[in-house]
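A quick write-up on the structure given underneath.
The values are calculated or read from the model by the stated rules, or taken from the named source; none is laboratory data. Bear in mind that the values here come from a model prediction, so they are computed numbers and not experimental data. A quick note on method: Cβ atoms are made from the backbone with ideal geometry, for glycine too, and the neighbour counts reach across all protein chains shown. Calculation scope for accessible area: heavy atoms of the full protein, side chains included, ligands and nucleic acids excluded. Shrake-Rupley method; radii C 1.70, N 1.55, O 1.52, S 1.80 Å.
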Amino acid sequence: MRIRATVAAVSGALALSALAVPAAQADGHVSLASLAPTVSKITPFTGSTPADEREGDTQITGVTVNAGKDIVVGTTQKKTFTISVTATDPSGIADGYAILWHGADMDHVDGAITPDAETGTCTATSATAGTCKVTVVADPNENIYANILAGTWKVWAGAQGNDGDYVITEAYKTARVQRASTLTVNAAPEPVKKGKTVTVTGKLARANWDDLKYHGYTGQSVQLQFRKKNSDTYTTLKTVKTDSTGNLKTTTTATVDGYFRYSFAGTSTTPAVKAAGDYVDVQ
């Protein structure tokens, strides 16, 4: 049975920072991981959660997810990436931590991508600032369990100073998790006489996280492009829409030797993709 990655309660409630004073470690510091949601094999949690929390003068100045790129997940391979938390505190930065969560709000969370480590790996950039990184894994066999998770996720972020001060923000920014896409093209006949018709077929498909297969992406606008044999530049000939199974088919007139391809601009849930050019010899 596939794991439905959901956010469960910390200390009996889904409380990112629901505590009077967090439990301190031997050195007097609080583990940010202990304040973050945990992943559980339960149905989506609904309940009451408090707002962001701050203790002292620690500040988060920036968060970067997957080097600023969208997180693209297919049907089999895990996607490992980092989240960096940059913060300042007069005493210096001891820890930074982050997770991704999906849902309408923190009272209705249906997915989470969390680090395995209990602390971030931190590098001081000055006496008062530092950047901490955590490694997380998006897994189509575990925490990316259904198509409803495609699109915008929120970033829970926390940072802690060397003096024990800390700040927690439950939705510091957003990141996109997308269903991997594929695109094919075939131009025929090959070769073809100049002035005759070339039929260009193809298919646009994307990962389906419900059944871990690729299915056609229907009703999408895709550009048919062409570049001459000795050129590096593609030009758009026309726009074609995928049919009910993601297939593409159109015709054009053969003029010179060159390459045909389809190009898809992408959507919020599916990344852009270009087919490799298919060469046609015009005689």
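Observations
- Qualifying residue in region 97-106 (condition: touching a Gly at 6+ places or on another chain (Cβ under 9 Å) and open to solvent by 30 Å² or more (accessible area, probe 1.4 Å)): no
- Enumerated strands (runs of 3 or more DSSP E) restricted to region 201-252, each holding at least 2 residues that are β-branched (Val, Ile, Thr) and more than 27 Å from ALA138 (Cβ to Cβ): 235-241
- Qualifying positions in region 138-193 - open to solvent by 50 Å² or more (accessible area, probe 1.4 Å), touching a strand residue (DSSP E or B) at 6+ places or on another chain (Cβ under 8 Å) and farther than 26 Å from ARG54 by Cβ: GLU142, ILE148, ARG176, THR182, THR184, ASN186, PRO189, GLU190, PRO191, LYS193
- Looking across region 52-94, the residues that are of a type in the set (Gly, Ala, Ser) and either open to solvent by less than 60 Å² (accessible area, probe 1.4 Å) or in contact with a helix residue (DSSP H, G or I) (Cβ under 8 Å, 6 or more places away or on another chain) (or both) come down to GLY56, GLY62, GLY74, SER84, ALA87, SER91, GLY92, ALA94.
- Residues that are within 18 Å of THR82 (Cα to Cα), under 12 Å from the mean Cα position of the chain (by Cα) and either open to solvent by less than 10 Å² (accessible area, probe 1.4 Å) or of a type in the set (D, E, K, R) (or both) occur at least once in region 119-137.
- Meets criteria (in contact with a helix residue (DSSP H, G or I) (Cβ under 7 Å, 6 or more places away or on another chain) and of a type in the set (A, V, I, L, M, F, W, C)) for ILE99: no
- Residues (farther than 14 Å from VAL185 by Cβ, out of contact with any Phe, Trp or Tyr (no Cβ under 8 Å at 6 or more places or on another chain) and open to solvent by less than 70 Å² (accessible area, probe 1.4 Å)) located in region 246-267: ALA254, VAL256, GLY266, THR267
- Looking only at residues in region 198-245 that are of a type in the set (Lys, Arg) and buried (at least 19 other Cβ atoms within 10 Å of the Cβ), the one that is farthest from the chain's Cα centre (by Cα) is LYS203.
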